[in-house]
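Remarks on the structure that follows.
The values are calculated or read from the model by the stated rules, or taken from the named source; none is laboratory data. Only a predicted model underlies this, so the values are computations on that prediction, with no experimental measurement involved. To get the accessible areas, we keep the full protein, side chains included, count just its heavy atoms, and leave off ligands, DNA and RNA. Shrake-Rupley method; radii C 1.70, N 1.55, O 1.52, S 1.80 Å.
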Amino acid sequence: FLVMKGTQASMPSVLFEIGFISNQNEEKLLRRASHQKRIAEAIYEAVIEFKRQVERDIIKVSRSK
């Protein structure tokens, strides 16, 4: 989490660990374009959903004032 140090107060941050090349099975998967695409799509969807939730929370807070 040292990578994210100092970002918490100024912006949301996420650290994705998608596999370990020290694991032979995971290394094989990570080399496949189809697996890379699947990972990229999952990360994209997660970021979009997080953004939607944050925007909903902002609207709720602004309406309650």
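Odds and ends about this structure:
- nm² value of the averaged projected area, convex hull over the Cα atoms of the chain: 6.0 nm²
- Taking only protein heavy atoms and a 1.4 Å probe, the accessible area of the chain is 59% carbon and sulfur.
- Couplings 3J(HN,Hα) of segment 48-57, computed from phi: 4, 5, 4, 4, 4, 5, 4, 4, 4, 5 Hz, in residue order, whole Hz [Karplus 6.51 cos²θ - 1.76 cosθ + 1.60, θ = phi - 60°; x for Gly and Pro].
- Computed over protein heavy atoms with a 1.4 Å probe, the accessible surface of the chain works out to 94 Å² per residue.
- HN-Hα J in Hz across segment 28-43 - Karplus 6.51, -1.76, 1.60, θ = phi - 60°, x for Gly and Pro: 4, 4, 5, 7, 7, 4, 5, 6, 4, 5, 4, 5, 4, 5, 5, 5
- Pairwise Lys count, the chain - Cα closer than 23 Å, eight or more residues apart or different chains: 5
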